[in-house]
1. Looking only at region 43-65, count how many residues are in a helix (DSSP H, G or I) and more than 15 Å from the chain's Cα centre (by Cα).
2. Kindly provide the set of residues from region 23-39 that are in a helix (DSSP H, G or I) and within 16 Å of R73 (Cα to Cα), ordered by number.
3. If you check A25 against the conditions, is it surrounded by 11 or more Cβ atoms within 10 Å (Cβ to Cβ) and over 18 Å from the mean Cα position of the chain (by Cα)?
4. Take the residues in region 1-13 that are of a type in the set (A, V, I, L, M, F, W, C) and under 18 Å from the mean Cα position of the chain (by Cα), then tell me which one is modelled with the lowest pLDDT.
5. How many residues are closer than 22 Å to W15 by Cβ and either surrounded by fewer than 18 Cβ atoms within 10 Å (Cβ to Cβ) or in contact (Cβ under 8 Å) with a residue 40 or more places away in the chain (or both) when one looks only at region 42-68?
Amino acid sequence: MLKHPVRKIIPPSVWQELGPAVAAAKHSQAGAPGAMTAREFLEGVLHLQRTGSPWRDLPPELGYWHAVYMRFRRWEARGVWQRLWQNLQAEPFAGARALLLDSTTVRAHHHAAGASKKKTPATRLWAALAGD
């Protein structure tokens, strides 16, 4: 089985601008330091967002899926994501276009389109029209 290399999403020039914003939105210092850096963690999260894959399908090169998931949940509970986006909006961030997702990368299941799950037979429609 051929393994394709995982493309890094955050280039070094963008991380120079993004790094201080992540540090400003710093989360709690309680507990042991994480095994992965904030950049490695964000690479994993952005990879999942770009591919639309579930947490468990995170490539091992981007970290253990459960560690990335748990840090994501802790950042959400502590408001780190909200502070990070507020910091990015307050400062002009030139690298934002490199990280933003567009509609071509966001995927939804075909049932999410809003179509009804059951189809009505065409005979009902013709019977209703004949009665009028």
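The values are calculated or read from the model by the stated rules, or taken from the named source; none is laboratory data. Just so it is clear, the model here is predicted, and its values are computed rather than measured. Neighbour counts run over all protein chains shown; Cβ positions are idealised from the backbone, glycine included.
1. Residues flagged as in a helix (DSSP H, G or I) and more than 15 Å from the chain's Cα centre (by Cα) within region 43-65 amount to 2.
2. If the condition is that a residue be in a helix (DSSP H, G or I) and within 16 Å of R73 (Cα to Cα), then A38 is the only one that fits.
3. For A25, the condition - surrounded by 11 or more Cβ atoms within 10 Å (Cβ to Cβ) and over 18 Å from the mean Cα position of the chain (by Cα) - is met.
4. Result: V6.
5. 11
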